[in-house]
Structure formats: structure tokens, C-alpha cells
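Read the structure below first, then the notes.
The values are calculated or read from the model by the stated rules, or taken from the named source; none is laboratory data. Keep in mind that this is a model prediction, so the values were computed, not measured. Note: ideal-geometry Cβ built from the backbone for every residue, glycine included; neighbour counts use all protein chains shown. The accessibility values were calculated without ligands, DNA or RNA, using every heavy atom of the protein model including side chains. Shrake-Rupley method; radii C 1.70, N 1.55, O 1.52, S 1.80 Å.
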Amino acid sequence: VRPIRRIWEWIDGNVVIPQVVGSVNPGPLDTSLMPFWRGIYDLFWDRKTHFVTVCSSARVGKTLFSICCVLHKVAVWPGPILWVDPTRKTALRFSRNELQPHIMECKATAERAIIDKTHWTTLEMHFAGMVLGLVGGGSAADLAGRQAELVVINESDKIKHDVKGEA
């Protein structure tokens with residue numbers, strides 16, 4: 001049974017914006033500063049929801065929304081996660097500069113992280129009971145054979161959609 005607590009309540013109590021990501025508002029995240037996201041978080045967490053597609057203007061918190069959903073899944077509802085970025089290069093940069101700092105600043109996810117040479121790399125992070133993998137959407141081979149309960153496709157408009165094979 002899913003916890004009754006709303007996802008945005010968990011985010012307000014656990015997510016910290018790291019100083020290193022360059023935000024003008026580092027520190028504990030307060031979703032009341034962007035209340036429209038609360039409704040989208042509730043929709044995401046609704047058990048009847050299978051897909052959430054967010055289309056909006058730039059710099060309104062879409063990637064932060066996805067990061068918070070990943071952090072919540074790692075801490076509250078562990079299961080395999082796949083993050084698809086437009087290219088392997090953007091996935092590497094995103095992981096090092098944004099995702100991993102958020103993971104380490106969130107006590108609930110940092111406690112679950114298995115950090116050693118074989119279980120923690122830039123593109124694959126292991127946590128107690130689950131794996132978070134990042135791939136570039138430009139490589140069909142990287143996408144093949146992956147299992148995930150949560151798939152985040154970041155910047156999908158920049159990913160080539162001309163692959164005709166199975167992956």
C-alpha cells in the first residue's frame with residue numbers, strides 16, 4: 001500500500017537544493033513557492049496515473065520536478081529507474097552536476113546509496129534494493145535490455161526518434 005503522505009509533503013521535508021547546482025535559492029525546497037507543481041506531483045503519485053508529460057516554457061522547474069520524483073521513488077517506493085537524456089554526454093554532465101548532488105543532499109536517498117567503485121558510477125547508481133541508470137537517447141543499444149518502474153525522458157524534443165529497431 002502506498003504511503004498516504006502526499007509526495008510534495010515528502011519533498012518539502014526531505015529535498016535540499018545543493019549549493020553546487022547554481023540555483024538562486026539553494027537550501028530546503030519549498031514547493032509552496034511553485035504551487036502549480038503540487039498538483040502535478042499529486043497526479044504523478046496517483047496510482048491510476050501511468051504517464052505524465054510536462055510541456056512548458058523553459059526554466060520553470062521541469063527537470064527539478066523529475067529529480068524530486070526520482071528522489072521520492074528511491075526513498076519511499078524503491079524500484080529500478082531509467083533516466084533518458086538526449087545524449088550520453090548530456091547524461092554524464094547532468095548526473096555529475098545535478099542529479100548526484102541532489103541525491104547526496106537528500107538524507108533519505110543518501111542513506112540508501114551504495115557508494116563504492118562497482119556500485120556507484122556517473123551513469124549507474126545502486127541503492128538498497130534498486131538501481132538508477134542514465135542513458136543517452138541517441139543510442140538504441142544503450143536503451144536495450146533495461147528494466148524500469150520509472151522512466152524519465154528528459155528533454156524528449158532533443159532526442160532522435162528515428163530508430164526503427166526494437167530498442
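Between the DSSP loop rule and a limit of at most 12 other Cβ atoms within 10 Å, which chymotrypsin sites (Phe, Trp or Tyr not before Pro) in segment 13-86 are left?
Loop-located and lightly packed - F51.
Take the chain, connect every pair of alpha-carbon atoms lying under 10 Å apart with a spring to form a Gaussian network, then pick out the residue of T87, T118, T63 with the largest mean-square fluctuation.
Between T87, T118, T63, it is T118 that shows the largest mean-square fluctuation.
Using helices alone, I'd like the mean residue ellipticity at 222 nm for the chain: each DSSP H run of four-plus residues gives -39500 (n - 2.57), total over residue count, nearest 500.
-8500 deg cm²/dmol
For V15, which sequence-distant residues (separation of 5 or more, or a different chain) have an amide H within less than 5 Å of its own amide H, given hydrogens modelled in the peptide plane?
Residues meeting the criterion, in which the H sits 1.01 Å from N, are L29.
Please list the non-local residues whose amide H lies under 5 Å from the amide H of W83, H modeled 1.01 Å from N, same-chain partners needing a gap of 5 or more.
Under 5 Å from the amide H of W83 lie the amide H atoms of G133, L134, V135, V152, each far enough along the sequence or on another chain.
Could you check how much of the accessible area of the chain is carbon and sulfur, as a whole percent, using a 1.4 Å probe?
That fraction is 53 percent.
Do you know the relative contact order of the chain, to the nearest whole percent, from alpha carbon pairs under 8 angstrom that are 6+ apart?
Answer for the chain is 24 percent.
In the P(r) worked out for segment 85-145, what percent of Cα pairs fall beyond 18 Å?
Value for segment 85-145: 36 percent of Cα pairs lie more than 18 Å apart.
Rounding to the nearest 20 debye, state how big the charge dipole of the chain is about its Cα centre with +1 on each Lys and Arg Cβ and -1 on each Asp and Glu Cβ.
Approximately 100 debye in magnitude.
When percent of Cα pairs over 22 Å apart is calculated directly from the model, which label among (1) 53; (2) 57; (3) 42 fits?
Among (1) 53; (2) 57; (3) 42, the one calculated here is (3).
Per-residue HN-Hα couplings for segment 47-58, Karplus 6.51 cos²θ - 1.76 cosθ + 1.60 at θ = phi - 60°, whole Hz, x for Gly and Pro?
3J(HN,Hα) across segment 47-58, in whole Hz: 5, 7, 7, 10, 9, 10, 10, 10, 10, 7, 6, 6.
Starting from segment 5-68, pick out the trypsin sites (Lys or Arg not before Pro) whose DSSP state is loop and whose Cβ has at most 15 other Cβ atoms within 10 Å.
When the trypsin sites (Lys or Arg not before Pro) of segment 5-68 are filtered for loop state and at most 15 Cβ neighbours within 10 Å, R5, R6, R47, K48, R59 remain.
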